[in-house]
Amino acid sequence: MTILKISLYFFSFLVILMVLLPLIKKDFWVFRVFDYPRLQKFVIIGFLIAAWLLLFRDTLLTIDWCIIVFLGVTFIHLFYVILPFTFLGRTMIDRVKAPNQDTINILVSNVYQYNTSYSKLLALIEKRNPDIIFLVETDQKWLEAVIGLREEYPYYLEIPQENTYGLLFYSKLPLKKQKINFLIDKEIPSIIVDVEYDNQNVRIYGLHPTPPVPQENKYSTDRDAEILLIGKMAKEYKDPCIVIGDMNDVAWSYTTELFLKTSELMDPRRGRGMYSTFNAKQLLLRWPLDHYFLSSHFRLVDMKVEKTIDSDHFPISISLIISREDEADKMEADSENKALADEKIQAGLNGSPR
């Protein structure tokens, strides 16, 4: 047996395992971390199938055909997972090209706490001129670097922290309410603010939960619980609302889908593209971690992944208007979804990984 064929066996079994692990709905990081590279796995499997058929088509054994078939099944599975985040998928939020009212413009950026290219972020803010800025991974040095934003953004909420979970929120729009929460972990803040836009209140939930990786948190329990708690709050709030931030979860994960069902919010990525924001430093390892989820009151004017500010995340901006409610494309939770969401929230509150 040649080294090439042994390599094909090895990589085929490895990538099949990487596809199967996320199907096991356990919170341990080994099962959750492979949610992220769905597109990468899809491409790798395509190359592996081609390699088997082109290099060994005349000498394929029964086990080889079994591997090819299994690769084909995983290829189709990943295609259907990725499809909603391409132009072939169905959109959830309608786009308006020429709005006849003022837009609300938001910029979200994980700045990477140890990044010192403050001027690049400030230049981007000056160029995009958003109404609202939400910065995560901000420590005291970042606060001192951007504190001048208070002049043009007189409404703000600042929670600098040295643990990579600091938050800074700046707004040109008046704040009617502001609240800092520590929903799951006493060291991981999230915010709720009501801004005045178009003569009404828009509620914004901003968060940055921990990722399920060994150096941060070995389980996705805290992340999932915080995301789903915010989802329940958004569902109970009947007026326009937006959930923003670095969720440390990809748009196609089962947790994000459960969030969409239980919150009844909508993902403007669907039907338009992946809008990958992480990892800005690794072209081949990119996926969507920074999100906007919108209530059915909104219409999309524009959404854009911005140029690098030397963080490991790209900033992402969005431009919206408020219109009549359109719930035609929202997801809804059945009794099983609701029970699972409650179970995951309780697991986070109790510190008991599933």
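At-a-glance table
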| item | result |
| --- | --- |
| Computed helical MRE - 222 nm, the chain, DSSP H runs ≥ 4 contributing -39500 (n - 2.57), nearest 500 | -11000 deg cm²/dmol |
| Distant-in-sequence amide H partners of residue 181 (H built 1.01 Å from N, under 5 Å) | 190, 191, 192 |
| Given 186/238; 176/304; 25/218; 25/338; 232/261, the pairs whose alpha carbons are separated by over 18 Å | 186/238; 176/304 |
| Estimated inter-spin distance, residue 141 and residue 127, nm [label 7 Å along Cα→Cβ] | 2.4 |
| Peptides ranked, highest mean first, by Cβ atoms within 10 Å: ranges 272-281, 22-31 | 272-281, 22-31 |
| Relative contact order of region 3-85, pairs being alpha-carbon contacts under 8 Å that are 6 or more residues apart, as % | 34 |
| Amide hydrogen neighbours beyond the local backbone of residue 197, cut-off 5 Å, H modeled | 202 |
| Placed amide H near residue 139: partners under 5 Å, 5+ positions off or other chain | 161 |
| Projected label distance in nm at residue 178 and residue 216, using a 7 Å step from Cα toward the beta-carbon | 2.6 |
| Whichever aspartates and glutamates have a C-alpha closer than 19 Å to that of residue 26, once near sequence neighbours (fewer than 8 apart) are set aside | 35, 216, 222, 224, 226, 249, 257, 336, 342, 343 |
| Descending semi-axes in whole angstrom, ellipsoid equivalent of region 45-114, from the Cα gyration tensor | 45, 18, 10 |
| Folded to 0 to 90 degrees: helix 221-236 orientation relative to the chain principal axis, Cα | 50 |
| Region 8-63 and region 264-286: distance between their alpha carbon centers, rounded to Å | 22 |
| Cα long-axis angle, helix 118-128 against the chain (0 to 90 degrees, to the nearest 10) | 80 |
| Kirkwood hydrodynamic radius (C-alpha pairs) into Stokes-Einstein, region 174-325, 20 °C and 1.002 mPa s, D in µm²/s | 133 |
| In degrees, nearest ten, helix 254-263 long axis to first principal axis of the chain (Cα) | 40 |
| Under the Karplus curve 6.51 cos²θ - 1.76 cosθ + 1.60, θ = phi - 60°, whole-Hz ³J(HN,Hα) for region 295-301, x wherever Gly or Pro sits | 6, 6, 6, 9, 10, 8, 9 |
| Over the chain, relative contact order from alpha-carbon pairs under 8 Å, at least 6 apart, % | 19 |
| Whole-Hz couplings from phi, Karplus 6.51/-1.76/1.60, listed for region 49-56; x for Gly and Pro | 4, 4, 5, 4, 6, 7, 8, 10 |
| Packing-based exposure ordering (other Cβ within 10 Å, fewest first) of 265, 20, 39 | 20, 39, 265 |
| Rounded FRET efficiency, nearest 0.05, which uses the C-beta distance separating residue 17 from residue 339 and R0 of 25 Å | 0.25 |
| Cβ crowding within 10 Å averaged over residues, with 106-119, 334-347 ranked highest first | 106-119, 334-347 |
| Value of Rg/Rh across the chain [Cα atoms, Kirkwood radius] | 1.00 |
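No value in this document is a laboratory result; all are computed from the given coordinates. These numbers come from a predicted model, not from an experiment. Quick reminder, even Gly has a Cβ in these numbers, built from the backbone with ideal geometry, and neighbours come from all protein chains shown.
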